[in-house]
């Protein structure tokens, strides 16, 4: 994929990880940040945007990203480590409320991960 700075075969592993996230959460994760824009990157930012009501049910009393919400921090760290183990890439995974992600990063590059395309003749 030339749009992302992640090369083959790492991108294949990243897409497989994306499919696992989609199966687990029912929503498409996205490659964002510097790895989505070019070949120079420090880590691979993967974001899962959940509808606001789903996010709020999963993380009650969540205010801002960071260590202040133990469940959110633990889930993001655990899934980041799983992603690193499955892909060999330095994954930085975060779950975001859709409205917050669109408000803060709506103009950024987002590549859907784990998408399956079916071609018909």
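Quick one: compute the contact order of the stretch 10-112, relative version, from alpha carbon pairs under 8 angstrom and 6+ residues apart, as a percent.
Values: 135 pairs, mean separation 36.2, N = 103.
Dividing the mean separation by the residue count of the stretch 10-112 yields 35 percent.
Panel order for 21, 31, by other beta carbons found within 10 Å of each beta carbon, from fewest to most: 21, 31. Rounded to the nearest 10 degrees, the inclination of helix 70-87 to the longest alpha-carbon principal axis of the chain is 10 degrees.
Computed from Cα atoms, the angle from the helix 10-25 axis to the main principal axis of the chain rounds to 40 degrees. In the chain, the DSSP-assigned H stretches of four residues or longer account for a calculated mean residue ellipticity at 222 nm of -13000 deg cm²/dmol, using -39500 (n - 2.57) per stretch and the full residue count as denominator.
So how many Å³ per residue does the convex hull of the Cα atoms of the chain work out to? Let's see the in-between values first.
Working: hull volume 14.8 nm³, N = 121.
So the per-residue Cα hull volume is 123 Å³.
Here the label points at residue 37 and residue 61, each 7 Å from Cα along the C-beta direction, are separated by 3.6 nm in the simple model.
Listed by Cβ neighbour count within 10 Å, with the fewest neighbours leading, 41, 72 appear as 41, 72.
A short reminder: the numbers here are calculations on the coordinates, not readings from a lab. Since the model is a prediction, treat every value here as computed from it, not as a measurement. Please note: Cβ atoms are built from the backbone with ideal geometry, for glycine as well, and neighbour counts cover all protein chains shown.
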